[in-house]
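Written below as structure tokens is the structure these notes are about.
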Amino acid sequence: MSKRDHYEVLGVGRDAGPEDLKKAFRRKASEFHPDRHPGLDEAGRREMEERFKEVGEAYSVLSDPEKRARYDRFGHEASGGGGFDPGAFQSQFGDVFGDLFEGFFGGGRPRGGADLQAAVELEFAEAVFGKEVLLQVPAPRRCAECGGTGAKAGTRPAPCRRCGGAGRVRVNQGFFSVAAVCPSCGGRGTRVEHACPACRGEGRVRHTRSVKVSVPAGVEDGMQVRLRGEGEGGRAGEEDGDLLVLLRVRPHDVYERDGNDLVCELPVSFTQAALGAEVEVPLLEGGTARIKVPAGSQPGRVLKVRGKGVPDLRGGERGDLRAHLVVEVPERLNPRQRELLEEFARETGEPAPPRRKGFVEKARRFFE
Ligand SMILES: [Zn+2]
Ligand SMILES: [Zn+2]
């Protein structure tokens with residue numbers, strides 16, 4: 001397989017300056033960052049590594065004026081196909097792109113408590129007006145007895161034998177030779193000799209606790225609430241993970257949402273639409289509002305009740321209630337009603353009322 005052009009790999013022009021290169025590298029490299037692709041399988045990870053390797057090599061050549069000049073004149077031949085050494089790359093550029101390398105190069109910090117996922121199902125009105133939900137969260141938390149050290153009261157943890165207390169070891173991981181979290185001590189750098197009886201030296205205990213989730217008014221289906229520190233607890237010196245609560249909102253029989261507006265249908269009889277009327281529309285918060293249906297309203301006409309929609313999640317103005325007129329035509333007529341309507345039809349010159357006439361004419365023009 002032939003190697004791609006370094007400029008092409010970074011997506012920059014031949015005249016790109018050092019800042020352009022840096023930006024391009026950062027952008028490209030972060031595309032292949034493992035954090036961006038959770039749940040990748042082995043082959044996928046390898047692919048990402050290859051892509052990262054490619055941008056790394058391009059950047060290490062183009063950011064070095066001498067190597068770049070040689071590459072511009074002689075192409076890939078100039079570098080002798082030397083490839084890419086991630087270890088050297090990290091020590092050369094690690095301080096510039098520090099945050100980017102975490103994850104690529106195994107990090108080296110203890111991870112602390114993991115983030116946890118939970119889901120909450122809300123009724124439509126609960127999402128509109130807010131609700132407090134109690135969640136039962138079964139997760140390990142820092143042991144209160146030993147403060148998360150895992151060491152029995154009055155004793156202290158000793159340095160880890162494997163990493164000598166550094167918390168990291170060097171391991172080979174595919175093409176990376178990297179500093180990784182010490183597998184013996186999990187990066188803590190310590191070893192417990194006299195275990196805390198409450199957590200058996202784990203530093204954490206498992207139990208189920210109640211977490212109060214305040215769902216603010218105005219949330220929508222699919223939104224997520226992050227509760228800092230309410231996830232899995234960390235051991236001594238580690239951070240607690242977060243609890244991510246996914247909000248699911250059940251649909252409503254009458255209302256739908258359109259942003260902060262509530263939308264519903266408002267059935268009226270054809271005589272109400274023609275003559276005008278005042279009708280009641282139910283409100284989501286309970287009670288009703290009176291709406292004036294102007295005489296001669298057509299089906300689909302939208303009537304608004306200001307300020308009776310959804311409270312704004314960010315503290316802005318509350319939305320409106322929008323009622324769409326549905327004009328109901330009687331399905332059965334008694335003889336008297338039929339007589340009246342037939343008289344009405346004669347009076348208006350049917351069978352060709354104004355709208356219908358226009359429609360017939362338009363249709364004819366279309367076919368001619
Ligand atoms: Zn303990
Ligand atoms: Zn260790």
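Results, tabulated for the structure shown:
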quantity	calculated
Under the Karplus curve 6.51 cos²θ - 1.76 cosθ + 1.60, θ = phi - 60°, whole-Hz ³J(HN,Hα) for the range 319-329, x wherever Gly or Pro sits	x, 9, 9, 10, 9, 9, 5, 10, 8, 9, 9
E202 - accessible surface, heavy atoms, 1.4 Å probe, Å² rounded to 10	100 Å²
Charge context of Y71, other residues only, Cβ under 15 angstrom, K/R +1, D/E -1	-2
Cβ-defined net charge surrounding T149, 14 Å radius [Lys, Arg +1; Asp, Glu -1]	+4
Full-extension gain in nm, L341 to A119, via 0.36 nm per residue minus C-alpha separation	74.3 nm
Computed label-point distance, nm, for sites H207 and L134 using a 7 Å Cα→Cβ extension	1.6 nm
Range of Cα positions in the range 252-329 per principal axis (Å), largest first	42, 20, 20
Sum of side-chain charges, V219 neighbourhood, beta-carbon under 10 Å (Lys, Arg +1; Asp, Glu -1)	-2
Förster radius 25 Å - calculated FRET efficiency between T288 and D221 (Cβ-Cβ, nearest 0.05)	0.40
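The values are calculated or read from the model by the stated rules, or taken from the named source; none is laboratory data. In this text the structure is predicted, and so the values were computed from the model without any measurement. Positions of Cβ are generated from backbone atoms using ideal geometry, with glycine treated the same way; all protein chains shown enter the neighbour counts. When the accessible area is computed, the model is the full protein with side chains, heavy atoms only, and any ligands, DNA or RNA have been set aside. Shrake-Rupley method; radii C 1.70, N 1.55, O 1.52, S 1.80 Å.
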